[in-house]
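Chemist: Below is one structure. I have some questions about it.
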Amino acid sequence: MGKILLKGGQVVSSSGVFEADVLIEGGKILRVCDWGEESEAGEVFDCSGKLIFPGLIDAHVHLREPGQSYKEDWETGSSAAVAGGITTVLDMPNNDPPVVSIEDLEKKRKLIEGCSYCNYGLYIGFNGKNLEEINSSDAVAVKFFGCDSTGDMGVNDISAVKELFGKSNKLIVVHAEDAGCIEKNFKNCVEDLSQGEKITVAIHSEIRSPECAIIAVQRFCEMAERLGARLHVAHVSTEGELEVLNKFQKITCEVSPHHLVLCEDDYGTLGNFLKVNPPVRSREDIFALWKGLKFGEIDIIATDHAPHTVEEKERDYLKAPSGVPELDTLGPLLFNSINDEGLTEAEVVKLCCEKPAEIFGLKGKGRIEFGFDADIVVVDMDLERKVEKDKLFTKCGWSPYEGMSLKGWPVMTFVGGELVFKDGEIVGDKVGKECL
Ligand code: DOR
Ligand code: ZN
């Protein structure tokens, strides 16, 4: 493989934006230098007028293999990722069957190998009795569902949970919603319905109320502190959770795009297509989450990409599965927010590249610096277009952001120095590798 030069662009790091050329060799970044300093390269890509970001790292996706490839498979899911500017995804274990043993991990690994455009890491799930498997596995982290969600992997056995928190040698990523609180709210909501009235998604946010998330976060943070666990709280969605998390400096957390962009008022137009756990919240919560990003209370942005088919989402509220697809749109939403002065370029690199690499121990990822992997996304900050379902790569074929006009789109995505996505199309090979 010869040398590749990304020429005439502006490179983004967590300290800002600067003019630089980027020289790549053997899948790694060989040099970041002043414009024009390097001229020898087999292939030159003109990046003038464009921003050059480290590829985004999405620490929370559900790509549905094994078992549910009718919703998404690695080819479609990883295509959506690279189209959305993402070069590494960390995939959740709530598959069918769930990934809870070393053998399950190996099977999944074999299934995926050679099928991914982006790099990836694999989670192992906690099922209440597999601590030894977790500790001897090479999973990127362990996922613990504090209640049932899609996949019914909730673990309520408190002594088993304590054992996990006391003895896990892996980072624990928790889905924190309290099962008892959800059950109580559900009963109340059903009782409040007048005769013959049908239960609809409009009350999803009341059933899985802010309180359910806040008490679960409080409980698991206290437990982690007491038992010495390394804890990361997935998809924080409320102001109250941030207030709790502020008291636990060592515990990290993430926020998902839908909780930053959409709210309860959107059930009217999106219906079950906005059914997601934890649910979307109020405008006040959205404001608090943006503030949390700006003030460093939230460590990373991760999508929780959770595709389900249109047919599944069109079922009655109680039968429709929870989750929204997000990979295709992560980059455009972030770059649009830079144009809107919500986030800065440097904040995007911190939240979506450097910090996820640090928290999940992804060596050689998250920066455009000498020796780092050449996982790179080139962005046209002036390109403006609507989110259209025909242009999505996710197999489920819909997006909660359909029709939204966004300014700032990826135009080239490199994975390990290979161009895999260009101007709306997949152009490369499935070069994604597992991060081990
Ligand atoms: O809404 C959700 N969907 N929340 C989860 O916890 C799981 C996810 C899925 O896998 O569909
Ligand atoms: Zn999830």
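The values are calculated or read from the model by the stated rules, or taken from the named source; none is laboratory data. Every value quoted in this text rests on a predicted model; they were computed, and no experiment measured them. Cβ: placed from backbone, ideal geometry, glycine included. Neighbour counts: every protein chain shown. Note: areas computed on protein heavy atoms with side chains; ligands, DNA, RNA excluded. Shrake-Rupley method; radii C 1.70, N 1.55, O 1.52, S 1.80 Å.
Chemist: What's the tally of Lys pairs in region 1-152 whose alpha-carbon atoms lie under 23 angstrom apart, where the two lysines are 8 or more places apart or on different chains?
Modeler: Going through region 1-152 pair by pair, I get 15.
Chemist: For Leu90, which sequence-distant residues (separation of 5 or more, or a different chain) have an amide H within less than 5 Å of its own amide H, given hydrogens modelled in the peptide plane?
Modeler: Asp58, Ala59, His60, Val61, Gly121
Chemist: Moving on to the next point. Expected output is a single nm value to one decimal: the length gained when fully extending between Glu434 and Ser282, i.e. 0.36 nm times separation in residues minus the C-alpha distance. What is it?
Modeler: 50.9 nm
Chemist: Out of the DSSP beta bridges found with both residues in the chain, what percent are antiparallel (nearest 5)?
Modeler: 50 percent
Chemist: How much net charge surrounds Ala234 when only other residues with a Cβ under 9 Å from its Cβ are counted (Lys, Arg +1; Asp, Glu -1)?
Modeler: Summing Lys and Arg as +1 and Asp and Glu as -1 gives -1.
Chemist: Roughly to the nearest percent, how much of the accessible area of the chain is carbon and sulfur, given a 1.4 Å probe?
Modeler: Reported share for carbon and sulfur atoms: 47 percent.
Chemist: Sticking with this one: Between Met404 and Tyr70, what is the spin-label point distance in nm, taking each point 7 Å from the Cα along the Cα→C-beta axis?
Modeler: Inter-label distance under the simple model: 2.9 nm.
Chemist: Running a GNM on the chain with Cα contacts under 10 Å, which residue among Asn94, Asn188, Asn336 ends up with the highest mean-square fluctuation?
Modeler: Residue with maximal mean-square fluctuation among Asn94, Asn188, Asn336: Asn188.
Chemist: Grab the other residues whose beta carbon is less than 12 angstrom from that of Ile4, score K and R as +1, D and E as -1, and report the net.
Modeler: Charge balance in the 12 Å sphere: -2.
Chemist: Further question on the same structure: Under a Cβ-Cβ cut-off of 14 Å, what is the net charge of the residues other than Asp373 that fall near it, where Lys and Arg count +1 and Asp and Glu count -1?
Modeler: -1
Chemist: If you don't mind, another one. Is it possible to state the helix-based mean residue ellipticity at 222 nm for the chain, with each DSSP H run of 4+ residues giving -39500 (n - 2.57), the sum divided by total residues, to the nearest 500 deg cm²/dmol? What is it?
Modeler: -8000 deg cm²/dmol
Chemist: Name the chymotrypsin sites (Phe, Trp or Tyr not before Pro) in region 268-350 that are in a loop by DSSP and that have at most 11 other C-beta atoms within 10 Å, would you?
Modeler: When the chymotrypsin sites (Phe, Trp or Tyr not before Pro) of region 268-350 are filtered for loop state and at most 11 Cβ neighbours within 10 Å, Phe295 remain.
Chemist: State the number of lysine pairs found in region 343-436 whose Cα atoms come within less than 15 Å, restricting to pairs 8 or more positions apart or on distinct chains.
Modeler: 8
Chemist: Here is a further query. List the GluC sites (Glu not before Pro) within region 25-54 that DSSP assigns to loop and that have no more than 13 neighbouring Cβ atoms inside 10 Å.
Modeler: Glu37, Glu40
Chemist: Hey, another quick one. Accessible area per residue of the chain at 1.4 Å probe, in Å²?
Modeler: Ligands and nucleic acids excluded, the figure is 40 Å² per residue.
Chemist: Between Asp46 and Glu311, what length in nm is gained on full extension when 0.36 nm per residue of separation is reduced by their alpha carbon distance?
Modeler: 91.1 nm
Chemist: Give me the extension gain from Lys250 to Arg109: residue separation times 0.36 nm, minus the current Cα-Cα distance, reported in nm with one decimal.
Modeler: Result: 47.6 nm gained on full extension.
Chemist: Still on this structure: With springs only between Cα atoms under 10 Å, which of Val44, Val349, Val201 fluctuates most in a Gaussian network model of the chain?
Modeler: Val44
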